[in-house]
Amino acid sequence: MCKVLLLALLLLAALAVPVFAQDAMVSSLTVADQFVLGDSITIPEIHLDQDGFIVIHIEQNGGPGPVAGFKYLEAGWYTDLAVQVDTTMLTPTVYPMLHYDTDANGQYEFAGGDLDAPVFVDGAVLVAPAALAVINATDQLVEGSFSAASVTIDQPGFLVIHIAQDGRPGPVLGTTYLEAGTSSDVRVEFTNTDISPTTVLFPMLHYDTDSNGVYEFAGGELDGIVVVGGQAAFGPIWTASHLRAHGQVVIYSDQMMGMMSEMGEMGEMGPMFHARSVLLDQPGFLVIHISSDGAPGPVAGVLYLEAGYHAHVDVPLDMMALDEVTTTVFPMLHYDTDNNGVYEFAGGELDGIVVVDGAPVFFPVNIAPSYSASPQAVSASNTLTFSEVVMDGPGFLVIHDDNNGAPGPVLGVVRLQSGVSFNVVVTLDMGTPSTTTVFPMLHYDTDANNLYEFAGGELDGIVVVRGAGVFGPLDISGQ
């Protein structure tokens, strides 16, 4: 019975989004003021007791108005959920709101009646205001100017383009004045001819504090930097060849693979590697290398790309069998040096690796259930932080004490959704580390009740990938 339940739950996780029990907990919503670089608003935490939607309403007459974006959600828990929006519609305050999918068709159809109506708790709609400052800009090749699809600011101000200096915003290339609200198709001309664009630029929002339309910031309050939700309103945008990608599920756990095989759900499409974006200054290739002794090895997939910016790039991993693909791959950019559209790199200059500021453009990406963390000390608030966690089903990241070089008693647990989670914080509220080593471990929530109940069997069992449990030692000495 337990095995059947595990297989069914994993199948649901594979086919959709996190699946949790519709327990007695009522729906809840936590929002946050924030700076947005791009086109997605982050919702810190959601619990839905039925399938439904998170809907982003812009402000109208001091309350929720038209919809700028929404996302369908299965019942369950979500943390740091990104919701894509039409940034050209945004107001400086938005109203995230939960709605039910009342007709269970996955389509948001609310028009003021009972169909897909808002979620009520204790007689009140689950909605809350969130203040925004937004720069919707992508990596871009620049020639004398910088472009943003839209900018949102709550008072008149400026979009200021800084070059990079020691990894931070430096001297100003150019500025443009902004009215309060949202401006579309914003262009900033580079009027400072004494400096040149760097490979990373920092677009930044400033207020026009003295209302004279002239940018005069010199480090104080005059025309000061916009800050929202404790975040200064700036971020990095690349102007040279660049690649953005993060952890993802290409290789499933042994439990998931067994379930999919048993239930005939392996699918006909081959595995794909997904990159959030690619910027190339000339035609070239996105090449996916498997890991060989921790470095790029044989090629698993290649995709030709024209010069320019490309969003949501998928590379078929069709050059070797999936069981030959390692759980870590290295996406890498190459130029098409002979302009024939055929990848021919063999170690020399032909179709050579793209190099920016002396560094080749590649990095490792986990493509199976995994976690990433650097050696660290336990924080003053008794927490550990993991930069990235990849899961192929809902479950838990569990911190075990060191028991003579093996996992021991549990020190802390945090719930995980299916997919990739960033900056995951685990509070060590169940014990104190006995040594300077702990053992993080991934577990499934096999009975979908949001409670960690592992006791050595299949219930909330350890995630296993290619015969090995996903756990290992983590140095917490802070050295």
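Assorted remarks:
- Placing unit charges on the Cβ atoms of the charged side chains and taking the dipole of the chain about its Cα centre, the candidate lying farthest along the positive direction among 400, 319, 54 is 400.
- Rounded to the nearest 20 debye, the dipole magnitude of region 370-475 is 200 debye, with +1 charges on Lys and Arg beta carbons, -1 on Asp and Glu beta carbons, and the Cα centre as origin.
- Over the chain, the Kirkwood radius and the radius of gyration, each from Cα atoms, give a ratio Rg/Rh of 0.98.
- For the chain, the residue among 207, 218, 44 whose Cα projects farthest onto the positive side of the dipole built from Cβ charges is 218.
- Largest first and in whole Å, the equivalent-ellipsoid semi-axes of region 289-406 read 35, 17, 15, each the square root of five times a Cα gyration tensor eigenvalue.
- Part-to-part distance (alpha-carbon centres) for region 151-185 and region 331-365, which is given in Å: 34
- ³J(HN,Hα), Karplus 6.51/-1.76/1.60, whole Hz, each residue of region 424-429, x for Gly, Pro: 7, 10, 10, 8, 8, 9
- Computed over all pairs of different Cα atoms, the Kirkwood value for the hydrodynamic radius of region 174-257 is 16.5 Å.
- Summary of packing: across the peptides 227-233, 154-160, 346-352, the per-residue average of other C-beta atoms within 10 Å ranks them, highest first, as 154-160, 227-233, 346-352.
- Assigned charges on the beta-carbon of Lys, Arg, Asp, Glu; the chain dipole about Cα centre (debye): 580
- Pairs of Cα atoms farther than 20 Å apart, region 91-201, %: 58
- Scalar couplings 3J(HN,Hα) for region 381-394, obtained by applying the Karplus form with A = 6.51, B = -1.76, C = 1.60 to θ = phi - 60°, are 8, 6, 10, 10, 10, 10, 5, 7, 9, 10, 9, 9, x, x Hz; x denotes Gly and Pro.
- Gyration tensor (alpha-carbon) shape descriptor, region 269-322, a/c threshold 1.5: prolate
- Remark on residue 145: its backbone amide H falls under 5 Å from those of 190, a criterion applied only to residues 5 or more positions apart or on other chains, H modelled at 1.01 Å from N.
- Residue among 452, 362, 419 farthest towards the positive dipole end of region 332-477, charges placed on Cβ: 452
- Packing order of peptides 64-77, 379-392, 312-325, highest average first: 64-77, 379-392, 312-325 (average count of other Cβ atoms within 10 Å over each peptide's residues).
- Across every direction, the projection of the convex hull enclosing the Cα atoms of region 15-160 has a mean area of 10.6 nm².
- Each of residue 281 and residue 180 was given a label point 7 Å from its Cα along the Cα-to-Cβ line. The distance between the two points is 4.2 nm.
- Centre-to-centre, using Cα atoms only, region 299-330 and region 35-83 are separated by 31 Å.
- Here the average projected area of the convex hull drawn through the C-alpha atoms of region 229-349 stands at 11.0 nm².
- Distant alpha-carbon pairs in region 370-475 (separation over 18 angstrom), percent: 43
No lab work stands behind these numbers, since they all come straight from the coordinates. Everything numeric here is computed off the predicted structure, so don't read it as measured data. When we count neighbours, we look across all protein chains shown, and the Cβ atoms used for this are built from the backbone with ideal geometry, even at glycine.
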